[in-house]
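A.B. asks: This is the structure I have questions about; it appears just below.
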Amino acid sequence: MIDISFSLKTGSTFLTNPTPQDIFQAVENLTPGSSATDYFILQKHGAAFEGPKMSFLQTCLQNGPYNWGMAIVEYRDGKQARQYRAHTDTGQALIDLFLSYLNNDDAWLKMVLWRDATFRFPDLYPFHPETEFAKGFFPEGEWDKLMQEKKQHENSFFESLGD
């Protein structure tokens with residue numbers, strides 16, 4: 001069994017072994033534009049999550065005219081050296097997401113639509129080939145389709161040289 005503990009950082013406050021009540025309080029205190037309360041991070045700790053294997057779930061509020069009341073949520077999967085991003089409603093949806101992560105179950109993975117944002121974080125670059133980051137700029141499956149078409153085109157070209 002993996003030994004896991006959590007910490008919660010919100011502004012200048014750092015809590016070890018946060019409770020569900022701490023999560024409720026952190027969500028309730030989210031305030032856009034305030035550097036002390038506009039985000040919080042719930043991080044896993046233990047031998048399996050140290051250094052580049054760091055894993056966390058973090059959020060901040062969006063305060064633009066078209067996305068007021070929405071939160072950006074990101075999680076780092078240290079085992080795969082990937083970071084993902086999603087958007088969700090604030091309030092109960094955000095609380096449920098963080099409580100599921102705190103309970104160390106996998107339900108939070110299905111609560112929002114996660115998009116790979118690994119290419120935005122230079123500290124993760126050494127863990128992935130460049131072509132993998134190129135895939136992040138294309139819709140799901142489109143990169144592989146283009147590479148297949150490129151290969152077919154190259155094969156046709158070289159076969160035509162043999163004629």
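A.B. asks: Working only within the range 24-43, note down all residues that are modelled with pLDDT of 85 or more and farther than 17 Å from residue 70 by Cα. Talk me through it step by step, then tell me what you get.
C.D. replies: Within the range 24-43, the first condition is being modelled with pLDDT of 85 or more, and the residues that meet it are 24-28, 40-43.
Listed by number, the residues that qualify are 25, 42, 43.
A.B. asks: Let me ask you something else. State which residue is nearest to the chain's Cα centre (by Cα) when the search covers only the range 86-115 and only residues that are buried (at least 17 other Cβ atoms within 10 Å of the Cβ) and assigned to a strand (DSSP E or B).
C.D. replies: The qualifying residue nearest to the chain's Cα centre (by Cα) is 86.
The values are calculated or read from the model by the stated rules, or taken from the named source; none is laboratory data. Just so we're clear, the structure is a prediction, and the values are computed from it rather than from any experiment. Don't worry about glycine lacking a Cβ; one is built from the backbone with ideal geometry, like all the others, and counts go over all protein chains shown.
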